[in-house]
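The values are calculated or read from the model by the stated rules, or taken from the named source; none is laboratory data. Please read these numbers as outputs of a predicted model, since none were measured by experiment. Neighbour counts run over all protein chains shown; Cβ positions are idealised from the backbone, glycine included.
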């Protein structure tokens, strides 16, 4: 007897070819084609949520304004009696009242500045709007900087994105060792703030007996030495220039073949640097990175050209990371850890193994049960079940979705739940056969009667899954994805696939008159 | 093979009183457990740190405890075996904000000298993120219930929606009670399991309701309780079978899925059993309590049909020009 092809089975067969084609790259780990990405919990990796201390960005903004006004007044030969600044603003007292106007107009050029002049003093603060802008900028700049740094770190596809208003999401897949993880974390969080500072020559000798607050009263700050924390340096608090004027940084070597970092400054930086060194021959210049003094050489002559070196006691690897950090720019504000999830690759591999065992075990149990209970109808349902698994894999590959451990659990669960639609249908058909309906009528009415139950039952589960996707985070989203695709696939395979198979086999079922073989019932 | 041959209708509604009592006792018991023992929130919701350590040999837990005492940040830390005796999990409430050196790193350094080990997992959740996750979690449960309520009310009738929500609350309460009873750590995965139970338990309920809806439309002179009994009996095979296949897979997940998936699988295991029970013994009797009147429904249906017919008649008269 010839089996008749119908539109359902044709569509189903086409769909199967389609999904097998698209799940092949993931299944056999082919080079080409879109593949399912494994989540960090399965392949190992680092997930972090970072916060930005935005108030620090405002503080450093004010500090850099202070540095620029200082440089400006030196050029214009304006004598400053006192210069104080804190996180709220700058207060400047001038010796000559006539200069107030010049300083005022300099301040007015600065965006968002609120300038107040009383007698010889001029004070500057930032408007609320400007403060907010500075804070927002600090976050976007941090994202940009971290992304730049990680792009040069050499991991495949690092993810750096803003999450919510003020959090930064960093996801690094494929981190193999603790050392590698720590290196990445150091690179991310390094402020990489380069400052060239003048040593306070008059008081430097007293540095070891001085407190930080006493130093502050002279407009100085005490900094530790990078190689030996016991060694202290007394430097002017307002830097000569900072890393914002840096254009390039790369690793070089000194005469003893020890790594060092060479940097170049832009034109403005080069000018300021040249001016300062020209004036300060015989004095010390401190090269400060992240509030640590790396060197404090004596200035022998005016240094033009705007380039310098940072020598320190670091390995080539450290120097390389440092150069990356300097090149990508400094972080305007320090970042801190809000959430971290790190999974070692061996745990990920164990999780894959365990969930695969559960998947195969559950799958075999269900398949055997369906055949024992429904006979041929069970085999037909099992075909749908296998098709479901391929559909999940293909859809996930096509959309580049991420498979996580909860996602694997979702697939295992789908195996148990996906037979549901076919169970509903088979039960309806059995019922109609018991009522004495013909095979044709039993199949057609069985499908028709089951339809509303299948739809309603699956849509409610889908509602829960969609909510989970919208509100879930990280790995849990993966569960929502697999379960949603699984539900949709099970409806599709039952309505289209198994119905088509029954239609195709209908004549044969009628002829055999063996309900035990086909539906597992007597009669 | 056939478990339930449909030859006679079981008297489910007659037994519903007994079931109601069992359900009420279980739900109240769960509430009591939640009130007294409470839920054991894990790091995801309470904030804190988890460090999973695997040793080459059996983990020297006593020695580890001794080592951890040396640093104040480990105060209140607990060490428990995780899946095998080589593997342990250290749980603490401490979190650190430093990106370069975090609690995980400190733990690793502190444990040096206790044997050869590997840090396999470090989870640090700051209190702020923890409370945000908790808020989001509760929101998601509420939203899911509301979405389902609206859908069922739209597809069936408000009494059906209320009855299914009663069943859902019943299921989730008992599942939470069971979690509290065994002291399972509540993390994001348990929340995901609870949401799955919502969907799953409803799935069963809807199948029964679908039959009841069919029964109401078909038979006008049958008592509502009888329709319910008939519907449950007819769907009994399906309810049991699907629950069974799902139970198969959840059970394999529970047994072989690994320690990380344990809490998730346990929650599902309880939820599926309770969910199956509730769709038969909670949802339908609740429907009965709300008193759905089949006769009234048919009168309404007939009136509606009459109105339609009247409209049709007027329309045809109008079209043929007879006024």
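Mind checking whether some residue in segment B:282-291 is within 14 Å of chain A (Cβ to nearest Cβ), over 24 Å from residue A:385 (Cβ atoms), buried (at least 21 other Cβ atoms within 10 Å of the Cβ) and touching a helix residue (DSSP H, G or I) at 6+ places or on another chain (Cβ under 7 Å)?
Taking segment B:282-291 as the starting set, the residues that turn out to be within 14 Å of chain A (Cβ to nearest Cβ) are B:283.
Now restrict to residues that are over 24 Å from residue A:385 (Cβ atoms): B:283.
Keeping just the survivors that are buried (at least 21 other Cβ atoms within 10 Å of the Cβ) gives B:283.
Still in the list and also touching a helix residue (DSSP H, G or I) at 6+ places or on another chain (Cβ under 7 Å): B:283.
Scanning segment B:282-291 turns up at least one residue that is within 14 Å of chain A (Cβ to nearest Cβ), over 24 Å from residue A:385 (Cβ atoms), buried (at least 21 other Cβ atoms within 10 Å of the Cβ) and touching a helix residue (DSSP H, G or I) at 6+ places or on another chain (Cβ under 7 Å).
Which of the numbered conditions does residue B:172 fail, given that it passes all the others? Conditions: (1) more than 8 Å from every other protein chain (Cβ to nearest Cβ); (2) part of a helix (DSSP H, G or I); (3) touching a strand residue (DSSP E or B) at 6+ places or on another chain (Cβ under 7 Å).
Checking residue B:172 against (1) more than 8 Å from every other protein chain (Cβ to nearest Cβ); (2) part of a helix (DSSP H, G or I); (3) touching a strand residue (DSSP E or B) at 6+ places or on another chain (Cβ under 7 Å), the one that fails is (3).
Could you give every pair whose Cβ atoms fall below 8 Å, whose first residue belongs to segment A:428-441 and is away from chain B (no Cβ under 12 Å), and whose second residue is surrounded by 14 or more Cβ atoms within 10 Å (Cβ to Cβ) and part of a helix (DSSP H, G or I), counting only separations of at least 6 or pairs across chains?
A:437/A:445; A:439/A:433; A:439/A:506; A:439/A:509; A:440/A:506; A:441/A:432
Those residues that are within 30 Å of residue A:353 (Cβ to Cβ) and more than 8 Å from chain A (Cβ to nearest Cβ), I need them from segment B:213-250; list them, please.
The answer is B:243, and nothing else.
May I ask you to say which residue of A:380, A:391, A:386, A:424 is more than 26 Å from the chain's Cα centre (by Cα), within 14 Å of chain B (Cβ to nearest Cβ) and farther than 24 Å from residue B:190 by Cβ? Explain how you work it out, then say what you get.
Details: A:380 fails: within 14 Å of chain B (Cβ to nearest Cβ); A:391 fails: within 14 Å of chain B (Cβ to nearest Cβ); A:386 fails: within 14 Å of chain B (Cβ to nearest Cβ).
Residue meeting the stated conditions: A:424.
Taking helices (runs of 4 or more DSSP H) that do not extend beyond segment B:1-94, which have at least 2 residues that are more than 30 Å from residue A:340 (Cα to Cα)?
Working: elements: B:16-36, B:43-46, B:61-68.
Result: B:16-36.
Kindly indicate the residue of segment B:111-131 that is assigned to a helix (DSSP H, G or I) and crowded, with 19+ Cβ neighbours inside 10 Å and also farthest from the other protein chains (Cβ to nearest Cβ) among those meeting that condition.
That would be B:111.
Out of A:413, A:455, A:432, I need the residue that is part of a helix (DSSP H, G or I), assigned by TED's automatic domain parsing to the domain that holds residue A:366 and surrounded by 20 or more Cβ atoms within 10 Å (Cβ to Cβ). Which one?
Values: A:455 fails: surrounded by 20 or more Cβ atoms within 10 Å (Cβ to Cβ); A:432 fails: surrounded by 20 or more Cβ atoms within 10 Å (Cβ to Cβ).
Of the residues listed, the single one that is part of a helix (DSSP H, G or I), assigned by TED's automatic domain parsing to the domain that holds residue A:366 and surrounded by 20 or more Cβ atoms within 10 Å (Cβ to Cβ) is A:413.
Of the residues that sit in segment A:463-477 and are surrounded by fewer than 19 Cβ atoms within 10 Å (Cβ to Cβ) and at the interface with chain B (Cβ under 9 Å from one of its Cβ atoms), which one is modelled with the lowest pLDDT?
At the first step, the residues of segment A:463-477 found to be surrounded by fewer than 19 Cβ atoms within 10 Å (Cβ to Cβ) are A:466, A:469-470, A:473.
Checking the rest, the ones that are also at the interface with chain B (Cβ under 9 Å from one of its Cβ atoms) come to A:466, A:470, A:473.
On the way: A:466: 91, A:470: 88, A:473: 75.
Residue satisfying both the conditions and the ranking: A:473.
Please list, ordered by residue number, the helices (runs of 4 or more DSSP H) wholly in segment B:229-323 having 2 or more residues that are without any contact (Cβ under 8 Å) to a residue 12 or more places away in the chain and farther than 24 Å from residue B:172 by Cβ.
Qualifying helices (runs of 4 or more DSSP H): B:294-320.
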